[in-house]
Amino acid sequence: MKALVYNGPCDVQVKDMPDAKIEKPTDVLVRITTTNICGSDLHMYEGRTSMETGRILGHENMGEVIEVGKAVDRVKVGDIVCLPFNIGCGFCENCERGLSGYCLTANPGTAGAAYGFAGMGPYSGGQAELLRVPYGDYNCLVLPDDAKEKENDYVMLSDIFPTGYHATELAGVKAGESVVIYGAGPVGLMAAMSAFIKGASQVFVVDTHKDRLALAEKMGAIAIDDTEGAGVQKVLDLTDGKGADRGCECVGYQCCDKHGKEVPNLTMNNLVQTVKATGGIGVVGVFLPQDPGAHDELAKEGKLAFDFGNFWFKGQKIGTGQANVKHYNRQLAKLIHAGKAKPSQIISHELTLDEAPTGYQNFDKRVDGWTKVVLKPGK
């Protein structure tokens, strides 16, 4: 099968690899029809993780079931399925509690497993023609009869739509409230869409990329251009100096200041300033326990100079961590099916698998207009 392989920093290549296959009776084999490039893939692409060379990337995956293991009961050959990026077993303590992102079985010794991701188990990614899905009955979301018609919408259920929604859940967003979102990348835009689904009265999206801010405006959000570093004051001015009711961090540890310099604590501390006293903050941007590629010693240890004094003094609350996709994806799929949510609106480029290296290069450089890339193996 063809697959996108990580050779090293900023070097990915489509190669012929051994076909994915059923390895255990609980496995499902999927022919991938759509797979996305995620902002989290860029951490590995840039060499900022412990990703091993020779591995297949890709954790935002969707396709058609072509084979099932002998122990698979629910999922059938021919089903169109979307696959949560986190791999869960379905029966451990965390999976039973709906915390599939922190499965204790799929990656022994670590709470959490994922496809094609550094430190998240040995599983191959889905930027390929075929993908083995462990614990298939649990991990496959079987999609309704409009799955092919709305494929570019449903594939977003693999990660960014549930992750954006998770940000609003962690922040505690309620109808009528105002929300400030740092990051107008794919996850930030999905957080904005989710906030509106929940009935937010105002949504502010803060970023420095004008093409991405334009997408936020199309969703009805108030775009805050932080190019000159005045974003905090702009949010305060628009909220009578109080700050928004809730805030979402959708950038992560590689956030940059107005000079393009990495400042890992910037968005976190800006949220403390721009969320009101007693407000809630949800953090879904990736932060790592170690970051050897960081420019300062604290960040290399995965630590932040966090403005805890103001955070404590304002009585704010914070929730963090990756989305437990299965906790949300079935309900969010119903919104897509009913025409109440259209996450595909952020897609800028649809490429073949062979064009994936070009997609990575442009998406990584934040080339104007490259907001979300989907790959179509087999085309």
Computed over the range 230-320, Kirkwood Rh from alpha-carbon pairs, angstrom: 13.6
Hz values of 3J(HN,Hα) by residue in the range 180-196 - Karplus curve (6.51, -1.76, 1.60), Gly and Pro given as x: 10, 10, 9, x, 9, x, x, 5, x, 5, 5, 5, 4, 4, 5, 4, 5
Under Karplus coefficients 6.51, -1.76 and 1.60, residue-wise ³J(HN,Hα) of the range 270-280 in Hz, glycine/proline x: 5, 5, 4, 6, 9, 9, 5, 4, 6, x, x
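Check each of the chymotrypsin sites (Phe, Trp or Tyr not before Pro) in the range 224-332 and keep only those in coil by DSSP with at most 16 other C-beta atoms within 10 angstrom; list them in order.
Numbers: sites: Tyr253, Phe287, Phe306, Phe308, Phe311, Trp312, Phe313, Tyr328; in loops: Tyr253, Phe287, Phe306, Tyr328.
Within the range 224-332, the qualifying chymotrypsin sites (Phe, Trp or Tyr not before Pro) (loop, at most 16 other Cβ atoms within 10 Å) are Phe306.
Of the chain, which part is the longest with no GluC sites (Glu not before Pro) in a loop (DSSP not H, G, I, E, B) and with at most 15 other C-beta atoms within 10 angstrom?
Details: sites that count: Glu23, Glu46, Glu52, Glu149, Glu228, Glu301.
Maximal segment without exposed cleavage sites: 53-148.
Share of antiparallel DSSP beta bridges in the chain, in percent to the nearest 5?
Details: 31 of 57 bridges.
Around 55 percent of the beta bridges assigned by DSSP in the chain are antiparallel ones.
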Two-site FRET efficiency, Ala230 against Thr358, from Cβ-Cβ distance with R₀ of 25 Å, rounded to 0.05: 0.10
Residues with amide H under 5 Å from that of Cys256, placed H, sequence gap 5 or more: Val263
Amide H within-cut-off set for Ile87, under 5 Å, with H built and near neighbours excluded: Ala113, Ala114, Tyr115
Derived scalar couplings ³J(HN,Hα) [the range 53-61; Karplus, 6.51 cos²θ - 1.76 cosθ + 1.60; whole Hz; x for Gly, Pro]: 5, x, 8, 8, 8, x, 10, 10, 10
Stokes-Einstein D in µm²/s, Kirkwood radius over Cα pairs - the range 236-286 at 20 °C with 1.002 mPa s viscosity: 188
Lysines with Cα under 23 Å of Lys340, excluding same-chain neighbours fewer than 8 positions away: Lys148, Lys150, Lys174, Lys198, Lys218, Lys326, Lys372
Cα pair distances of the range 160-320 binned at 5 Å [whole percent]: 2, 10, 20, 24, 22, 14, 6, 2, 0
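Using a 1.4 angstrom probe on heavy atoms only, work out the carbon and sulfur share of the accessible area of the range 160-320 in %. List each step's numbers first, then the result.
Numbers: 3680 of 6830 Å².
It is 54 percent, rounded to a whole number.
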Rounded accessible area per residue of the range 160-320, 1.4 Å, Å²: 42
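The values are calculated or read from the model by the stated rules, or taken from the named source; none is laboratory data. What you see is a predicted model, and the numbers here were worked out from it, not measured in a lab. Reconstructed Cβ throughout: ideal geometry from the backbone, glycine too, with neighbour counts over all protein chains shown. Surface areas here come from the heavy atoms of the whole protein model, side chains and all, with no ligands, DNA or RNA. Shrake-Rupley method; radii C 1.70, N 1.55, O 1.52, S 1.80 Å.
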